[in-house]
1. Given the conditions (1) modelled with pLDDT of 95 or more; (2) surrounded by fewer than 20 Cβ atoms within 10 Å (Cβ to Cβ); (3) in contact with a helix residue (DSSP H, G or I) (Cβ under 6 Å, 6 or more places away or on another chain); (4) outside any loop (DSSP other than H, G, I, E, B), report the number of the one that residue 129 does not fulfil.
2. Could you grab the pairs with beta carbons closer than 8 Å, sequence gap of 6+ or different chains, first residue in region 31-44 and assigned by TED's automatic domain parsing to the domain that holds residue 64 and surrounded by 15 or more Cβ atoms within 10 Å (Cβ to Cβ), second one in a helix (DSSP H, G or I) and at pLDDT below 90?
3. So the check is Cβ under 7 Å with 6+ separation or different chains; which pairs have a first residue in region 380-391 that's under 17 Å from residue 488 (Cα atoms) and a second one that's assigned to a helix (DSSP H, G or I)?
4. Of all residues in region 90-111 being more than 18 Å from the chain's Cα centre (by Cα) and surrounded by fewer than 24 Cβ atoms within 10 Å (Cβ to Cβ), which is nearest to residue 168 (Cα to Cα)?
5. Can you tell me which residues in region 145-168 are in a helix (DSSP H, G or I) and under 25 Å from residue 135 (Cβ atoms)?
6. Name the single residue that is surrounded by the fewest Cβ atoms within 10 Å (Cβ to Cβ) among those in region 323-365 being under 23 Å from the mean Cα position of the chain (by Cα) and in a loop (DSSP other than H, G, I, E, B).
7. Consider residue 73 carefully, then state whether it is surrounded by fewer than 18 Cβ atoms within 10 Å (Cβ to Cβ), under 28 Å from residue 181 (Cβ atoms), free of Cβ contacts under 8 Å to residues at least 12 places away in the same chain and out of contact with any helix residue (DSSP H, G or I) (no Cβ under 8 Å at 6 or more places or on another chain).
8. Given the structure, is residue 265 in the same structural domain as residue 194 (by TED's automatic domain parsing) and part of a strand (DSSP E or B)?
């Protein structure tokens, strides 16, 4: 983990391998957003910016010689894009700029960041972005290349360094970054190593040294005996049986009538599609089909480490969807926990089936609010692309989740659940069918999940696209698992705890 500290030092005099400052796009070129740099140096860089390909665009990172006016070895310019109408930059822009810079500083021992953070919210974004960008997944690399290691230490230069809120921002950013990185690590893990039983072990290990977290694991035999028909049916085609992991956190001073919130995460550790087999190219990233459960696990650890005044229970619905000799078949009818029946029309619509068990269990346990998160549908990517998650559910909770995502800097868009589409998942033989037509596929899946939450206030996050970055790195996001959802869920819970 990259070491991060705050300092009120003058950036000109800071000794570091790299000094990071910001650039911005202007109507006539590029501007250096750093009043503390020598005016002559700023003028020189702005004058030669076109020749160096420096535009100030978001995610742009360029390195130039620091020169004799600075104590740092290299000057790193990270782009902010255009200013808002009021002349400022929003926190997510600062978060991305800081993350893009640290991501490009792999192999560097020390860096100092001097970005335009004029208040505590902006400073928190810079600190968080810097840590999020300093990530590398190298578990399976045989070579130990120091040049690829994340930046060793980051010193954020700010006049706010000695404030109590600034110190709290650093502490929170460290917890958030740890949680996001842990979720990324799980998503990036190879499926021959991460399967339901080892995922459950990972949850137990993560909670071991965290005060207030309790973990209970139901194995395949207990699930079958307990009536968890969704997990049992999806997992029966694999030699590695399903698991349901329950994680609970309750602050010591919680009132008896305190609100209780449930988080339900989809954890398909590998998805072949089952007998409704996917094309081979569609399986290449299916180790990431457990990203929802990874996000929930990361969130739970963060909640406990931060000591939030809110009671939360997580349900990690873990299974491997394989086409083995005992796999479920299209036309099978299964009974979900709580008694509702599902006709399986497509074994590749398995995520909603395991989630049904988790949702029904969460409702039975008496939670006041339920939020689920899942890489649920390819239709989400068709509708919203690879970067934006869809959120649907009870309108008030849906909108609250959207607001939390906006505050956290994650892209989420509210979607409807039209009652007119309910016939799409009507079954001729069971309470509900697990699949409907391609049109409205994301909404059909949401309507399916709603069947199992009754009247409990609920929101569903479909993160199929943004949970796994198949393209190049951008901002604070590396290729592979992104940790999508951790920051949104945590911000939602912080908001609930502050009520």
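1. (2)
2. Between residues of region 31-44 that are assigned by TED's automatic domain parsing to the domain that holds residue 64 and surrounded by 15 or more Cβ atoms within 10 Å (Cβ to Cβ) and residues that are in a helix (DSSP H, G or I) and at pLDDT below 90, there is no close pair.
3. Short answer, once both residue conditions are applied: 390/380; 390/383; 390/384; 390/442; 391/398; 391/401; 391/402.
4. Per the criteria, the residue is 90.
5. Let us first name the residues in region 145-168 that are in a helix (DSSP H, G or I), namely 146-148, 164-168.
If the condition is that a residue be in a helix (DSSP H, G or I) and under 25 Å from residue 135 (Cβ atoms), then 146, 147, 148, 166, 167, 168 are the ones that fit.
6. 349
7. Considered against the rule, which asks whether it is surrounded by fewer than 18 Cβ atoms within 10 Å (Cβ to Cβ), under 28 Å from residue 181 (Cβ atoms), free of Cβ contacts under 8 Å to residues at least 12 places away in the same chain and out of contact with any helix residue (DSSP H, G or I) (no Cβ under 8 Å at 6 or more places or on another chain), residue 73 comes out as no.
8. Numbers: in the same structural domain as residue 194 (by TED's automatic domain parsing): yes; part of a strand (DSSP E or B): yes.
Against the criterion (in the same structural domain as residue 194 (by TED's automatic domain parsing) and part of a strand (DSSP E or B)), residue 265 qualifies.
The values are calculated or read from the model by the stated rules, or taken from the named source; none is laboratory data. What you see is a predicted model; the values in this text were computed from it and never measured. Quick reminder, even Gly has a Cβ in these numbers, built from the backbone with ideal geometry, and neighbours come from all protein chains shown.
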